[in-house]
Every structure is written in C-alpha cells, then in structure tokens.
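A quick write-up on the structure given underneath.
The values are calculated or read from the model by the stated rules, or taken from the named source; none is laboratory data. Values in this document were obtained by computation on a predicted structure and should not be read as measured data. All Cβ positions, even for glycine, are placed from backbone atoms using ideal geometry, and neighbour counts span all protein chains on display. Surface areas here come from the heavy atoms of the whole protein model, side chains and all, with no ligands, DNA or RNA. Shrake-Rupley method; radii C 1.70, N 1.55, O 1.52, S 1.80 Å.
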Amino acid sequence: QVQLVESGGGLVQPGGSLRLSCAASGNIFSDNSMGWYRQAPGKQRELVALIGGGGGTFYADSVKGRFTISRDNAKNTVYLQMNSLTPEDTAVYYCNLKQRLQAYWGQGTQVTASS
C-alpha cells in the first residue's frame with residue numbers, strides 16, 4: 001500500500017504564493033508518476049501538473065508559467081510551487097501517485113486565494 005500526506009495549503013491574497021508538499025510512503029517503485037489535481041466547489045476534479053520519475057513535466061494550460069512541479073526522489077516527495085494565485089485557483093488540491101497500474105490519492109489540502 002501507498003500513503004500520501006499533503007501539506008502547505010492555506011489562505012493567500014490574490015497575487016500571492018503557496019508551496020504544497022506531498023510525502024509518499026509505503027511500497028513505492030521508482031517508475032512512478034506523481035501529480036497534483038484540484039477540485040473547486042461544484043466542478044469536476046481536474047489535472048494541474050504531473051511529473052514523471054525521470055523529471056518530465058506536464059502542466060494544465062491554466063497554470064503554465066505560474067505553477068512549478070518538482071520532486072525529490074530520495075524523499076518520495078512532490079512539490080507544487082504556486083505563484084500569482086488568483087481566485088480561480090481556489091480549490092481542494094489532491095496529490096496523486098500512479099505506479100504499476102495503481103493510483104493513490106492524498107486526503108486533499110484547501111487552497112484559497114481571496115482578499
């Protein structure tokens with residue numbers, strides 16, 4: 001089994017920054033991908049960013065140039081640096097790990113950009 005624990009969410013003013021972290025533990029293989037999804041009230045969960053084991057990345061168009069995903073393989077941790085936050089970024093952010101045809105989710109962390 002794999003456990004994912006997120007941290008770093010909170011309330012920030014529009015234009016501000018936050019950094020999310022997600023630590024994975026358990027039976028983790030090196031050939032995994034990790035990513036962040038988000039779900040706003042009344043909307044479907046959507047992909048924000050992905051990073052492969054080799055460091056390749058993918059971003060949703062809505063966050064390109066503002067968000068940066070990175071990972072520390074030694075710590076099995078993935079990060080999401082979020083800059084220039086807008087109210088439209090307000091959502092619960094979920095960490096995701098995919099490996100060997102299995103997908104695992106964290107419990108979610110709230111991010112709110114509001115004045």
Residue, surrounded by the most Cβ atoms within 10 Å (Cβ to Cβ), within segment 51-78, restricted to residues that are in a strand (DSSP E or B) and β-branched (Val, Ile, Thr): Val78
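Here's the yes/no breakdown for (1) among the hydroxyl-bearing types (Ser, Thr, Tyr); (2) in a loop (DSSP other than H, G, I, E, B); (3) open to solvent by less than 10 Å² (accessible area, probe 1.4 Å):
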{"position": "Leu4", "(1), (2), (3)": "no, no, no"}
{"position": "Ser25", "(1), (2), (3)": "yes, no, no"}
{"position": "Met34", "(1), (2), (3)": "no, no, yes"}
{"position": "Ala49", "(1), (2), (3)": "no, no, yes"}
In segment 102-115, the residues that are outside any loop (DSSP other than H, G, I, E, B) and either more than 15 Å from Gly16 (Cβ to Cβ) or open to solvent by 10 Å² or more (accessible area, probe 1.4 Å) (or both): Gln102, Ala103, Tyr104, Trp105, Thr109, Gln110, Thr112
Single residue of segment 8-23 satisfying the filter (open to solvent by less than 60 Å² (accessible area, probe 1.4 Å) and either basic (Lys, Arg) or under 16 Å from Asn76 (Cα atoms) (or both)) that is farthest from the chain's Cα centre (by Cα): Ala23
Residue check for Asp31: among the acidic types (Asp, Glu) and more than 12 Å from Leu97 (Cβ to Cβ): no
Segment 79-101, subset part of a loop (DSSP other than H, G, I, E, B) and modelled with pLDDT of 95 or more, residue least open to solvent (accessible area, probe 1.4 Å): Leu85
